[in-house]
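Novice: Dropping the structure in here first, questions after.
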Amino acid sequence: MPDVSPAAAYWRANLRVLAQCLLVWVIVSFLLSVILVDVLNTLRLGGYPLGFWFAQQGSLYTFIVLIFYYAWRMNRLDRQFHFEEDDEGSN
Amino acid sequence: MSLQMLTYIVVGLTFACYFSIAIWARAGSTGEFYVASKGVHPVANGMATAADWMSAASFISMAGLIAFNGYDASAYLMGWTGGYVLLALLLAPYLRKYGKFTVPEFIGERYYSKTARLVAVLCLLVASLTYVIGQMKGVGVAFSRFLEVDFSTGVFIGMFIVFFYSVIGGMKGITYTQIAQFVVLIFAYTVPAVFISLQLTGHPLPQTGLGGTVADGTYLLDKLDLVLQDLGFAAYTELKGTSINVALLTLSLMLGTAGLPHVIIRFFTVPRVRDARSSAGWALVFIAVLYTTAPAVGAMSMFNLINTVQTGEVGEVEANLVYEDRPQWFHNWETTGLLQFEDKNGDGRIQYYNDKNPEFAEQAERFGWEGNELVKVDRDIMVLANPEIAQLPNWVIALVAAGGIAAALSTAAGLLLAISSAISHDLLKGIFRPNISEKNELLAGRISMAGAILVAGYFGLNPPGFAAQVVALAFGLAASSLFPALMMGIFSSRVNNRGAIAGMLAGIGVTLCYIFIYKGFLFIPGTQLLADVPANWVLGISPEAFGAVGALVNFVVALTVSNMTEAPPASVQALVQDIRIPKGSGSAQAH
């Protein structure tokens with residue numbers, strides 16, 4: 001797509017990363033922790049029923065990983081499209 | 001040394017620390033007062049955000065909420081953490097790039113409308129004020145329980161301390177005090193949890209202890225499920241409500257978390273857009289330390305409570321604790337009124353079971369039980385009494401007092417800053433007196449903060465009846481009005497002033513209506529149209545969970561109205577393009 005501006009291409013790439021991250025967010029918090037909880041509870045993680053573990057532990061850990069993954073991907077995109085900020089920041 | 005003395009020393013030391021920080025971090029400009037000059041390191045901001053976020057309720061009440069609701073309380077755990085994913089991915093970096101001082105300011109400029117800004121200010125004020133009242137009450141409770149001073153004296157001391165470091169230090173002072181408060185509160189929360197986990201399961205980490213085994217070799221959670229069911233309660237790890245309500249409550253709390261202004265403005269304080277992204281991650285790391293410990297505290301304290309009362313096989317006479325033999329902590333908490341016993345069948349023993357379960361009634365009758373005799377077990381004691389139940393040394397109890405106060409103060413300060421910036425920056429400078437000098441705006445900020453402290457203190461001393469209902473209101477408002485308006489402002493350049501205003505009003509409208517139907521008009525008792533019980537809820541959706549529906553209404557109305565009316569002016573479309581790209585965050589800061 002030669003006629004797409006760098007800003008538009010950057011935004012499209014950002015939306016793609018966003019969609020991936022939010023998909024994982026939905027799967028972990030709503031699918032595994034709520035909708036499929038009874039099925040997963042038949043499996044175990046140590047003394048935890050698996051669905052219960054996702055709802056009270058696993059989803060929280062996943063959220064942390066998601067945010068840092070997104071930050072890392074976006075920092076890479078910033079550099080790739082030369083939209084990164086100056087190192088000294090805004091002050 | 002007596003517990004009393006120790007508590008005074010520990011709490012006094014933490015206060016001295018907050019005061020020193022306040023004097024060191026005085027704010028001299030509006031930039032320092034509102035956003036700490038945008039010079040806060042992302043990890044430091046993450047820690048301050050965690051303290052800002054974790055309120056008296058998180059510290060004192062959440063573990064109890066989990067203890068009594070088991071799996072169903074997962075909605076709170078996921079909702080109050082998963083919101084940070086939305087914040088980090090959808091709002092924080094772009095609002096930081098926008099680079100100004102307040103949330104309503106962005107809404108006003110993006111939707112080129114003072115009305116939109118005013119609606120945002122109103123939502124912010126209602127959500128933040130109701131929230132801060134709870135914190136003041138929390139300070140009063142912590143003081144009266146641990147330092148044995150009057151409740152009102154406690155509130156006054158709390159007001160004075162918050163006044164001192166917020167009014168003088170502004171965002172700068174608040175930020176560094178919150179970091180200190182985070183350290184105090186997280187230490188106070190995890191130390192008792194580690195000891196209890198060690199005692200029950202041998203695991204030093206509560207997070208693995210909850211999945212560990214108890215003395216007889218069975219898994220803690222299995223055992224807890226079993227003893228609860230033996231007493232007629234639902235199993236701890238299983239769903240008690242409906243899936244749709246748990247899912248919608250989770251989503252509403254997530255949207256509300258991402259839309260609460262006092263959290264969003266914390267991300268205005270970091271130097272760069274990339275810092276806003278990672279800072280949200282750090283915030284969640286620090287929050288998760290408490291939020292992954294809380295389920296263990298909840299389950300383990302429930303387990304301890306039941307084992308104290310029910311010492312053997314259910315139904316055997318000898319297996320119920322003789323009231324005269326009750327442990328010392330039981331005594332202590334009875335005197336506070338948070339734990340109450342009533343010997344209904346007159347046998348001098350304590351029976352704790354689910355007397356609302358018709359299937360268990362026949363069994364209870366056979367045992368000669370005439371109703372649940374622990375007539376009151378306040379959920380707050382699950383955290384507050386923990387150190388005593390686990391027989392921990394007095395300094396741990398003193399620490400819990402300091403931690404509870406730190407949690408309440410740090411959240412109160414963040415809320416007060418959001419309130420004062422909305423009044424002095426959005427109302428005064430933005431709408432009524434655009435030509436006000438910076439010096440006068442700073443003064444106005446300080447005066448409005450002092451005013452907010454007085455209002456919060458007044459309601460803390462005279463709690464309105466609806467204090468317990470504010471969670472639904474604060475999160476419902478943030479989820480149904482602010483979050484959609486902010487998100488569409490960034491992700492659509494087509495949504496215009498009319499669409500945004502119509503969307504916000506529609507979102508707030510349906511959410512408030514739904515809450516008021518079940519909780520009473522303006523929470524006035526007796527004005528409920530329907531009783532707040534699951535049978536009456538539309539599709540089984542509780543009022544607390546309705547914010548997500550309100551958000552959906554907001555999105556639909558805003559997009560429909562915008563598409564039927566003219567596109568926003570070119571300058572606004574350029575603003576949207578500009579905030580999407582990190583480069584140039586420095587120049588955008590010129591104010």
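Novice: Would you calculate, for chain B, the mean residue ellipticity at 222 nm contributed by helices, counting each DSSP H stretch of 4 or more residues as -39,500 (n - 2.57) and dividing by all residues, to the nearest 500?
Specialist: -20500 deg cm²/dmol
Novice: Counting alpha carbon pairs within less than 8 Å and at least 6 residues apart, what relative contact order, in whole percent, applies to segment A:7-80?
Specialist: 34
Novice: Enumerate the aspartates and glutamates that residue B:344 could reach by cross-link, defined here as Cα to Cα under 19 Å, with residues fewer than 8 away along the same chain left out.
Specialist: B:316, B:318, B:324, B:325, B:334, B:355, B:362, B:365, B:370, B:373
Novice: Let me ask something else. How long are the three semi-axes of the equivalent ellipsoid of the protein assembly as shown, in whole Å, if each is the root of 5 times an eigenvalue of the C-alpha gyration tensor, listed from largest down?
Specialist: Output for the protein assembly as shown: semi-axes of 43, 28, 24 Å.
Novice: Sticking with this one: Cross-link candidates for residue B:38: which lysines have Cα within less than 20 Å, leaving aside residues fewer than 8 places away along the same chain?
Specialist: B:97, B:100, B:172, B:439, B:583
Novice: Need one number: convex hull volume per residue for segment A:7-80, Cα atoms only, in Å³.
Specialist: 77
Novice: Rounded to the nearest 0.05, what FRET efficiency do residue B:450 and residue A:9 have when you use their Cβ-Cβ distance and R0 = 60 Å?
Specialist: E between residue B:450 and residue A:9, to the nearest 0.05, is 0.75.
Novice: Now, a different point. Please work out the Cα center distance from segment B:414-431 to segment B:470-527, rounded to the nearest Å.
Specialist: Going from one Cα centre to the other spans 20 Å.
Novice: Please find the FRET efficiency linking residue B:208 to residue A:24, where r is the Cβ-Cβ separation and R0 is fixed at 35 Å, and quote it to the nearest 0.05.
Specialist: Result of the calculation: an efficiency of 0.90.
Novice: If R₀ is 41 angstrom, what is the calculated FRET efficiency for the pair residue A:45 and residue B:363, using the beta carbon separation as r and rounding to 0.05?
Specialist: About 0.75, to the nearest 0.05.
Novice: Using packing as a proxy for protection, rank B:224-233, A:74-83, B:402-411, B:326-335 so that the peptide with the highest average count of other Cβ atoms within 10 Å comes first.
Specialist: B:402-411, B:224-233, A:74-83, B:326-335
Novice: So how far, in whole Å, is the C-alpha centre of segment A:1-52 from the one of segment B:203-243?
Specialist: Here the two parts' Cα centres lie 28 Å apart.
Novice: Further, regarding this structure: Name the residue from A:77, A:60, A:40 whose Cα lies farthest towards the positive end of the charge dipole of segment A:36-86, charges +1 on Cβ of Lys and Arg and -1 on Cβ of Asp and Glu.
Specialist: Result: A:40, furthest along the dipole toward the positive end.
Novice: Given H placed on each backbone N at 1.01 Å, which residues far from residue B:349 in sequence or on other chains put an amide H within less than 5 Å of it?
Specialist: Sorted by chain and number, the residues that satisfy this are B:323.
Novice: Straight distance only, please: which lysines reach the Cα of residue B:240 with their own Cα at less than 26 Å, same-chain residues fewer than 8 apart left out?
Specialist: Leaving aside lysines fewer than 8 places away in the same chain, those within reach of residue B:240 are B:223, B:356, B:376, B:519.
Novice: Taking Cα centroids, how far is segment B:291-305 from segment B:69-87 in Å?
Specialist: 16
Throughout, read-outs are computed from the coordinates displayed, never taken from laboratory work. Note that the structure is predicted; figures quoted are calculated from it, not measured. Cβ: placed from backbone, ideal geometry, glycine included. Neighbour counts: every protein chain shown.
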